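The values are calculated or read from the model by the stated rules, or taken from the named source; none is laboratory data. Bear in mind the structure is a predicted one, so any value in this text is a computation, not a measurement. As a convention, Cβ positions derive from the backbone with ideal geometry for all residues, glycine included, and neighbour counts pool all protein chains shown. Surface areas here come from the heavy atoms of the whole protein model, side chains and all, with no ligands, DNA or RNA. Shrake-Rupley method; radii C 1.70, N 1.55, O 1.52, S 1.80 Å.
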Amino acid sequence: MSMGKNWVKVIALGLSAALLLAGCGSGDQSGGDKSGTGTDVSTSEPSGSKSEGPVDYSKYNSYLDLAEEIGGEIEPILSVYFSNVDFAPEFTVTGDYSAIKDAVEFYTPNTYLVEKALGYLEEEPAYPEADAALQALGDSPAKVMEALNHLASYMRFDEFEDDNMAKAPELHAELWEALQTYDANFEAFIGAIDTMASQGRDEDRAQLLEDEQMILYHSLCMIHTSEDILDEIMGQIEVANTQAGPDDELILPEIDMTNLSSLFNDLQTAYDGLKGAMETETEREKVSSFTGKVGDSAIKLYTNKVDSLYSWMTRLAEAVAGGTDYVDAFNGANDAVSSMIGGYNSII
């Protein structure tokens, strides 16, 4: 939990969660695979995997699962906690301690994800950057999870009110100790997983185009372009806040459209292509889940996700181009990207 800009940090990690599955295919149709647990995998595993038969994606998936746990569960709780408690060894309440309850009371520590990922550390295939980042991170996420679990138990039934926060300093000390290794290394791990998962995007799309899987092809084009748009905006926000201190107000700069204009045009092209492909019977027949008894339901569900992403990205385009507040549109677009990725992986 690097105490830079809380809003920027949380949103950036949310985007990372979306990027984790950027290269995912849809089962056999795109050369990917899915583990028995239903965890999604990328089609851009080691080169040659498409022609060399089945690849064991267990290690890849375990790394993704841990990164998603960090970005989707741990960091949002830490953000709320340190918005109300000083980011320092000594326990000092700086806001409303009771506000932490909503963020943490239902937290469940998934320490097995840490053990599972570490268990694959020396296994093949090697992911040099991700392997090194996980090695440095070690079991620190599990220690943070355990500390958050203790905090959750303390907050869940309002024990903090009953004892007038007498136990709060002890729990803070446990969390602070757990954060020492975690905080120094989690961002490098998230970054390495982003890199690992996004490698081969062009190859993935090229393969789908060659295979004439147009629904899958245009879906990836739309997902990847949306991610590129969000990355560009986030990059400009981070640059604008480079010199800001942890207690300074977040600077939301006017967004430079130089790179974004063409990206929004690409998004429109991808959306139009996807909608056209989904309206073509021969293309729908190439997606097994779009046929049979559940075909109509699957098409409707996936179409909703596609249209939702397009709607949010349109709102975002209007906001950044018009110089108006784009926070809500950015957050909505970020969630919509994640939702469409989930649909791509589970529906088609």
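Which value in nm describes the separation of the simple spin-label points at His150 and Ala166, placed 7 Å from the Cα toward the beta carbon?
A separation of 1.7 nm, rounded to one decimal place.
For segment 55-129, with only Lys/Arg (+1) and Asp/Glu (-1) charged at the beta-carbon, what is the dipole magnitude about the Cα centre, in debye rounded to 20?
With only Lys, Arg, Asp and Glu charged at Cβ, the dipole is about 160 debye.
In terms of solvent-accessible area of protein heavy atoms at a 1.4 angstrom probe, what is the ranking of Leu121, Leu216, highest value first?
Highest to lowest solvent-accessible surface, that is Leu121, Leu216.
Give the Kirkwood hydrodynamic radius (Å, one decimal) of segment 113-216, defined as one over the mean of 1/r across all pairs of different Cα atoms.
For segment 113-216, inverting the mean 1/r across all distinct Cα pairs yields 16.8 Å.
Got a number for carbon plus sulfur as a percent of segment 140-279's accessible area, 1.4 Å probe?
Heavy-atom surface of segment 140-279 belonging to carbon and sulfur, 1.4 Å probe: 45 percent.
Rank by packing, highest mean first: peptides 132-144, 294-306, with packing defined as the count of other Cβ atoms within 10 Å averaged across residues.
Per-residue mean Cβ counts within 10 Å order the peptides as 132-144, 294-306.
Please compute, for the alpha-carbon atoms of segment 236-348, the extent along each of the three principal axes and give them in descending order in Å.
Extents along the principal axes: 57, 27, 18 Å.
With every protein chain kept in the model, how would you rank Glu123, Glu283, Glu232 by accessible area, 1.4 Å probe, largest at the top?
Glu123, Glu232, Glu283
Per 5 Å bin, what percent of the C-alpha pairs of segment 253-295 does each bin hold, from zero upward?
P(r) over segment 253-295, rounded to whole percents: 5, 20, 16, 14, 11, 10, 8, 7, 6, 2.
Using a 1.4 angstrom probe, figure out how much accessible area segment 195-264 has per residue, in square angstrom, rounded to the nearest whole.
Computed with neighbouring chains in place, this is 49 Å² per residue.
What translational D, rounded to a whole number of µm²/s, comes out for segment 200-302 from Stokes-Einstein when the hydrodynamic radius is the Kirkwood one over Cα pairs, at 10 °C and 1.306 mPa s?
The Stokes-Einstein estimate is 99 µm²/s.
Counting heavy atoms of the protein chains only and a 1.4 Å probe, report the per residue accessible area for segment 56-127 as a whole number of Å².
About 43 Å² of surface per residue is accessible.
Applying a 10 Å radius around every beta-carbon, put 313-323, 335-345, 94-104 in order of their mean neighbour count, most first.
Output ranking for 313-323, 335-345, 94-104: 335-345, 313-323, 94-104.
How far is the Cα center of segment 229-274 from the Cα center of segment 158-209, in Å?
The two parts, judged by their Cα centres, are 23 Å apart.
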